[in-house]
Amino acid sequence: RLGRRGAIERGQDCHIEVKNYRRDGSSFWNELSISPMYNSQGLLTHFIGIQTDISARKNAEASLVSTSATLAQFSEQLKQLHRLSTRLYPSLEARFQDYLQTGCELLQMPVGLIGSTDGETYTLQFVHAEDSSLERGQTFPLDRVFCRKNEHTQSTVIQTQAGNNPEW
């Protein structure tokens, strides 16, 4: 495919898309079509160029690519969730470990924990962590962990900013 200059030098049609910039620095897309014009003797006399702003189309194409990628990721996540909900596990431990690993992957979190409280003690029951300093069975004073609010609300909470919220 010839560039604009090569097509003009050879007297051929040229069709290109060009990203241009306005004086204020903002960008826009142009579609440029250049065609040679010949006289009755077959001699190239001039070119006709047609320039069309295709910014809306380019933006729509970029949006479509982004949406397609998001849908593909969502589809993969649905497959993982379907696998979790239909798989038979040999034990409760295997189920929780798979849930934690899958949850960490889907939420892009390095650590997943399931713990229990007894009085003022928090015990790790299941752990999925890139950090090997956390292990199943470890205990912590309840006032030193980020789940005190969970104990009072009896709810499942995903904490992505642990330590940044003093309420936790």
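Here the condition is being assigned to a helix (DSSP H, G or I), out of contact with any His (no Cβ under 9 Å at 6 or more places or on another chain), of a type in the set (Asp, Glu) and without any contact (Cβ under 8 Å) to a residue 60 or more places away in the chain; of ASP131, ASP143, it holds for ASP143 alone. Candidates are the residues of the stretch 128-144 that are closer than 17 Å to CYS104 by Cα and open to solvent by less than 60 Å² (accessible area, probe 1.4 Å); the one that is modelled with the highest pLDDT is HIS128. Scan the stretch 56-77 and give yes if some residue there is touching a residue at least 12 places away in the same chain (Cβ under 8 Å) and either touching a Phe, Trp or Tyr at 6+ places or on another chain (Cβ under 8 Å) or of a type in the set (A, V, I, L, M) (or both), otherwise no. Yes.
The values are calculated or read from the model by the stated rules, or taken from the named source; none is laboratory data. Keep in mind the model is a prediction, meaning the values are calculated, not measured. We place every Cβ from the backbone using ideal geometry, glycine too, and count neighbours over all the protein chains shown. The accessibility values were calculated without ligands, DNA or RNA, using every heavy atom of the protein model including side chains. Shrake-Rupley method; radii C 1.70, N 1.55, O 1.52, S 1.80 Å.
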